[in-house]
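Step one of this worksheet: look at the structure below.
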């Protein structure tokens, strides 16, 4: 007997609740939370256990097939740029160009640029010493500088591959990486600016409650820094190659088709990694350590993404799209349904990556019912989930504590300035995405 709508809905809610409780309250690794949720949903709608296992295996394998190399290479690029000093060079170059007149804006832009290849928490740790130094030199409040930089990093982390949440959602929904990167950067700029403006507004109105910090930039005394050109090259070349493929894929012929091959995200990120390692004498031992660190870091991300794919495949096997479309006006909700769903998951359990992956697993079987049939519509769906994953970063988010601990900021000002800034960023981003949908 086919399950009723109420049975499907209750099973889905039970699965989501299990993910939230296990990850947020019991601190269980998201891989196990997503895997258990797959079983709960499947059994709840009376799927045979062998079918649940088969669907989970297929979903796990399919998502890793499309994203495995991208996540590993993207993580490797970020680690190498962090360890070889390129992030510091890029940051200093932007500071020099903008000058001391707009220090908070400079840190926001630095966060945005450095955040393109590097995860937000790693980027903040690397740049925290620079942030404190500039705050002291210009007399700007540390909380203003810290939140400006943090929101710049956060904007790209939630919206743009190779960051794992956006990459996983794009893979599940067959959204071209090139288009997502270009559009995500354009959509992320208003979010970055809102974070910067609110940091300046609210940060100057709260009691600072910042203790003296002695944090220094990691390895600053031992690194031989690359030139500005070589520092930016591994970041810009992959973006240009991936974006170029998206724009010119159907127009290039003959020998020019090599550019299409290089524009494949796997090839483009490989080029970025080689560029990051070239041009200077780097000890082989150091390279091996960096690559080992990257693989270990990527492994934790990959198992979460794989479990998200398994969860999505089990949901698809329940025919959840058909049940929900017959009972809810999904078509009228459009991009606001993925936005609200991801916002709830993010606020409840803390991780932007887990929120996007879980939401994408739920949304993927509903694409047709939501009206996301064209590539552009699916692109906006992914960006809407990215907007939702910004809301709201608070005490259950590891990134929240990275900012607070490295800059010695107390809980109260963090909630008043940073958490509210992330709320405004999410609302701004979904507003921008909605405007874009009106012109398609």
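I'd like the residue in segment 279-304 that is surrounded by 12 or more Cβ atoms within 10 Å (Cβ to Cβ) and outside any helix (DSSP H, G or I) and, out of all such residues, is modelled with the highest pLDDT.
The residue in question is 282.
Filter segment 397-407 down to the residues that are over 14 Å from the mean Cα position of the chain (by Cα) and surrounded by 17 or more Cβ atoms within 10 Å (Cβ to Cβ) and list them by number.
Hits for segment 397-407 are 400, 402, 403, 404, 406, 407.
Wholly within segment 316-374, which helices (runs of 4 or more DSSP H) include no fewer than the required count, namely at least 2 residues that are at pLDDT 80 or above and under 23 Å from residue 120 (Cα atoms)?
Passing ranges, in order: 336-349, 352-363.
Take residue 132 and decide whether it is under 22 Å from the mean Cα position of the chain (by Cα) and crowded, with 23+ Cβ neighbours inside 10 Å.
No.
Residue 382: in contact with a helix residue (DSSP H, G or I) (Cβ under 9 Å, 6 or more places away or on another chain), under 16 Å from residue 202 (Cα atoms) and surrounded by 24 or more Cβ atoms within 10 Å (Cβ to Cβ), yes or no?
Numbers: in contact with a helix residue (DSSP H, G or I) (Cβ under 9 Å, 6 or more places away or on another chain): yes; under 16 Å from residue 202 (Cα atoms): no; surrounded by 24 or more Cβ atoms within 10 Å (Cβ to Cβ): yes.
No.
The values are calculated or read from the model by the stated rules, or taken from the named source; none is laboratory data. Just so we're clear, the structure is a prediction, and the values are computed from it rather than from any experiment. Here the Cβ is made from the backbone with ideal geometry for all residues, glycine too, and neighbour counts use every protein chain on show.
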